[in-house]
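As structure tokens, the structure follows; a few thoughts come after it.
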Amino acid sequence: MARRTPERPSRRSTGSRRSTGTTRNRANGRRAPAPARTLTTATFGTVDLDAFESAITGGKPFLAKAALECGVLTRHALSTRFRLVHPGVYIAADAQPDTRDLIRAVHLWAPPDAVIAGWGAAKLHREKWYADRRCAVAVDLYSPRRLRSTPGVRVHVTARMPKAPDLSVVDGMIATSPARTAVDVGRWTRGVDERICAIDAVCNGSRTGLDAVAGAAGRMVGQHGVKTVIGLLASCDIGADSPQETMVRLWLERSDLPAPATQVVIFNRYGQKIATADLAYEKVKVAVFYDGEVHRSAEQSLFDDHVDAELRDMGWEVIRVVAGMLPKVVVNRIERAYDRNLLRYHL
């Protein structure tokens, strides 16, 4: 009869005593943390069993082969308490994976020379507006060869795999660098304004300058969509905290008004910070704020009223933009405020 593999490694399999969490220090009688339980395997090298078990029970994706080889799970437990995400990659049956979990599952499934790209890489670089929604559909992956298809993964087969300095390692996962990611999402997004918003979002979240993006694009000359991205960089601004702010900025830049500054911090005469305007014309004291969902609460609305009153006492014109306002209406209101303060300050 075949011998059943234990769910947890035995003393013999780990080569160490099972951890009880602490050990007693004979010198002072205090309990000290027990050493981590490890196991050296032929396939996966040295494995931290405590961290591995914690990840599995915490609802994180894992390689079934590793769990079985380490003795962390039996085949019966694997088939009854976990579900398949990608070939060879499992997660707890009741787990609710977040976006980073989805990306890690793809990383575990993919061959070692594959690279997380697109919005998956953007999420790893802290982009906060698009990545969650896009990765729920599919995570992009660069590969030098065709891979067997699996749901939730979009494979880009290329002979021109990203190389340093266009690669980053985030939490042990190989992904395109922030600059390369900005180029990729820009060329894989449809619509001029949408592409600008996508590039702004990646650069703002990762604090990546447009010079770095231009450099990454320069190393990709000849690839589809790169020329278009290079032509759009002059219209991008990493200061935009949201795609909505990018759109308002583009409306203003396409009007008769000069280009506004982004993320302008406004202080009172005592040097105290009053607000950070999303867009502003400092010389004529016109501040523009885009108010999203968070500004609809009674508490935030009251705070905004206090900010507006103080700014107006300081001579600022305050324009607040909300979802649904027509571009023409927004631009017209800002133009009138700009003209009023031109006369007011004799500029």
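The values are calculated or read from the model by the stated rules, or taken from the named source; none is laboratory data. Just so you know, these numbers come straight off a predicted model, no measurement behind them. Here Cβ is always computed from backbone atoms with ideal geometry, including for glycine, and neighbour counts include all displayed protein chains. SASA here: full protein model, heavy atoms, side chains in, ligands and nucleic acids out. Shrake-Rupley method; radii C 1.70, N 1.55, O 1.52, S 1.80 Å.
What to note about this one:
- Look at the dipole of the chain built from charges on Cβ: of Met325, Val85, Asn268, the Cα furthest out on the positive end belongs to Val85.
- Among Met220, Met325, the order of accessible area from largest down is Met325, Met220, computed with a 1.4 Å probe on protein heavy atoms.
- GNM remark for the chain: springs join alpha carbons under 10 Å apart, and the peak mean-square fluctuation among Gly120, Gly186, Gly271 falls on Gly271.
- FRET efficiency for Asp98 and Val329, using Cβ-Cβ distance with R0 set to 56 Å, rounded to 0.05: 0.90
- Cross-link pairs Lys285/Lys328; Lys227/Lys283; Lys273/Lys328; Lys128/Lys285 - those with Cα-Cα distance over 25 Å: Lys227/Lys283; Lys273/Lys328; Lys128/Lys285
- Among residues other than Tyr290 with Cβ under 9 Å from its Cβ, the summed charge is -3 (Lys and Arg +1, Asp and Glu -1).
- Relative contact order (percent, whole number), the chain, Cα cutoff 8 Å, 6+ residue spacing: 8 percent
- Using Cβ point charges alone (K and R +1, D and E -1), the dipole size of region 177-222 about the Cα centre works out to roughly 160 debye.
- Note on the chain: Cα Rg divided by 2.2 N^0.38 Å, N the number of residues, gives 1.32.
- Net charge dipole, region 137-232: roughly 500 debye, given to the nearest 20, about the Cα centre with Cβ charges of +1 for Lys and Arg and -1 for Asp and Glu.
- Solvent exposure, largest accessible area first (probe 1.4 Å, DNA, RNA and ligands not counted), of Glu282, Glu299, Glu69: Glu299, Glu282, Glu69
- Taking every C-alpha pair closer than 8 Å and separated by at least 6 residues, the mean separation divided by the residue count of region 160-227 gives a relative contact order of 29 percent.
- Phi-derived couplings, Karplus 6.51 cos²θ - 1.76 cosθ + 1.60 at θ = phi - 60°, listed residue by residue for region 143-148: 8, x, 8, 5, 10, 5 Hz, with x used for Gly and Pro.
- Remark: the Ala36-Ala234 segment gains 66.1 nm on full extension, using 0.36 nm per residue and subtracting the alpha carbon distance.
- In the chain, excluding the sites themselves, the longest stretch lacking any of the trypsin sites (Lys or Arg not before Pro) that are in a DSSP loop with at most 10 other Cβ atoms within 10 Å is 31-145.
- Helix axis angle, 298-313 relative to the chain longest principal axis, alpha carbon, degrees: 40 degrees
- FRET efficiency, Asp291 to Ser54 (Cβ-Cβ, R0 25 Å, nearest 0.05): 0.05
- Considering only region 204-347, percent of DSSP beta bridges that pair antiparallel, nearest 5: 60 percent
- In a fully extended conformation the segment linking Ala259 and Arg81 would gain 58.3 nm over its present Cα-Cα distance, using 0.36 nm per residue.
- Under 5 Å, built H, 5+ apart or other chain: amide partners of Val72: none
- Between the exposed loop cleavage positions of the chain, defined as chymotrypsin sites (Phe, Trp or Tyr not before Pro) in a non-H, G, I, E, B DSSP state with at most 12 neighbouring beta-carbon atoms within 10 angstrom, the longest gap is 1-269.
- Of all lysines in the structure, the ones whose alpha carbon falls short of 21 Å from that of Lys123, not counting any fewer than 8 places away in one chain, are Lys60, Lys163.
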